Amino acid sequence: MLSRKNKLLLLKFLSLVSVVRGYNILMIVLAQYLASIYILAPDLPLRRVVFDINLFVLVTASALVIAGGYIINNFYDAEKDLINKPRKTMLDRLVSQRTKLTTYFVLNFLSVFLASYVSFKAVVFFSAYIFGIWFYSHKLKKVAFVGNIVSAILAITPFFIVFVHYKNFEAQIFVHAVFLFLLILAREMIKDMENMAGDLAQNYKTIPILYGEVFSKTGISVLIALTLVPSFLLITSYDVGYMYIYFILAIVLLLLFLLLLWRSNSKKHYVWLHNILKLIIIVGVFSILLIDVQLVLNRIL
């Protein structure tokens, strides 16, 4: 049996994991490695990619910056989240704001320090990334349109650094990036509808608050329609192996999403819609393995 002190320490650890959203970071790390192996450097031997020390450093630095980003975002959104996510917020509050800020600065320092192992350009990149996340959390998040777009850009930035690392400029990579960007942007707009109560209380100028739910639904519908374009292109014009199955299923889910979107009128409905987009993104990460099934089988057998 754990003592009371150990239970409190465990709860605080779980609280910190909740704040930095450890599960999201693990998914991003996995996505970076799978994208590097199957999309960005498909011609390189698997061992060379997996044991690339520079890639490992870049991915680790990205994870640290993202963790820090979640902390600073949690810091600025504390009052809003108390309304929108009361249960999660109560767990998050087991760790003091001072501890969160200290952890934030330590994580960012470590990320830049690690980046210095790769190059000075990497240091500049991660320094700019840290500043961009802070500026978004402090100022831009409250600005309609701009906040949504910047959030989506920051979300795909970790993939940009590995893209630059391998210097692969094939059109297929840009089509994949557009698909992911549009999905994330649609998800950000759904989150605004999901969090209207807290945003309104804290005077956030989000799209649904300024222009109404119908306008937001129209904008999200346009984004989903645009997402279908790269989906069709990746199925018909590029060699994505068996991953074409994923894009077909994604199209079906996106059409279902549109149908449900226009029937939704409560936070519960918007949470479900948010989860549909999250599911498409998460399944997409694992579906990267389908690009070269033989490579996977060779490593299993």
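The values are calculated or read from the model by the stated rules, or taken from the named source; none is laboratory data. Source: prediction; values computed, not measured. Cβ: placed from backbone, ideal geometry, glycine included. Neighbour counts: every protein chain shown.
Quick notes on this one:
- Looking across Ala152, Ala177, one residue alone is assigned to a helix (DSSP H, G or I) and in the same structural domain as Ile130 (by TED's automatic domain parsing). It is Ala152.
- Residues in the range 18-53 that are farther than 28 Å from Asp239 by Cα and part of a helix (DSSP H, G or I): Ser18, Val19, Val20, Gly22, Tyr23, Asn24, Ile25, Ile53.
- For the range 249-265, a tally of residues being surrounded by 15 or more Cβ atoms within 10 Å (Cβ to Cβ) and among the aromatic types (Phe, Trp, Tyr) returns 1.
- Index of the failed condition, Val124 passing every other in (1) at pLDDT 90 or above; (2) surrounded by 15 or more Cβ atoms within 10 Å (Cβ to Cβ): (2)
Rundown of residues vs (1) out of contact with any Leu (no Cβ under 6 Å at 6 or more places or on another chain); (2) without any contact (Cβ under 8 Å) to a residue 24 or more places away in the chain, yes/no style:
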site: Lys100; (1), (2): yes, no
site: Leu107; (1), (2): no, no
site: Ser111; (1), (2): no, no
site: Ala115; (1), (2): yes, no
site: Ser119; (1), (2): yes, yes
site: Ala122; (1), (2): yes, no
site: Phe126; (1), (2): yes, no
site: Trp134; (1), (2): yes, no
site: Lys139; (1), (2): yes, yes
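- Verdict on Leu234 being over 26 Å from Leu140 (Cβ atoms) and in contact with a Phe, Trp or Tyr (Cβ under 8 Å, 6 or more places away or on another chain): yes
- Considering the range 174-207, the residues that are under 13 Å from the mean Cα position of the chain (by Cα) and farther than 10 Å from Asn148 by Cβ include one that is surrounded by the most Cβ atoms within 10 Å (Cβ to Cβ), namely Leu183.
- Residue that is over 29 Å from Asn73 (Cβ atoms) and among the acidic types (Asp, Glu), where the choices are Asp239, Asp199, Asp192: Asp239
- Among the residues examined, Asn168 qualifies as polar (S, T, N, Q), over 30 Å from Val214 (Cβ atoms) and not in a helix (DSSP H, G or I).
- Failed item in (1) under 26 Å from Ile288 (Cα atoms); (2) assigned to a helix (DSSP H, G or I); (3) aromatic (Phe, Trp, Tyr), with Tyr238 passing the rest: (2)
- Scanning the range 77-110 for residues that are modelled with pLDDT of 80 or more and closer than 16 Å to Arg21 by Cβ returns Lys100, Thr103, Tyr104, Leu107.
- So Ser111, is it within 30 Å of Ile291 (Cα to Cα) and buried (at least 17 other Cβ atoms within 10 Å of the Cβ): no
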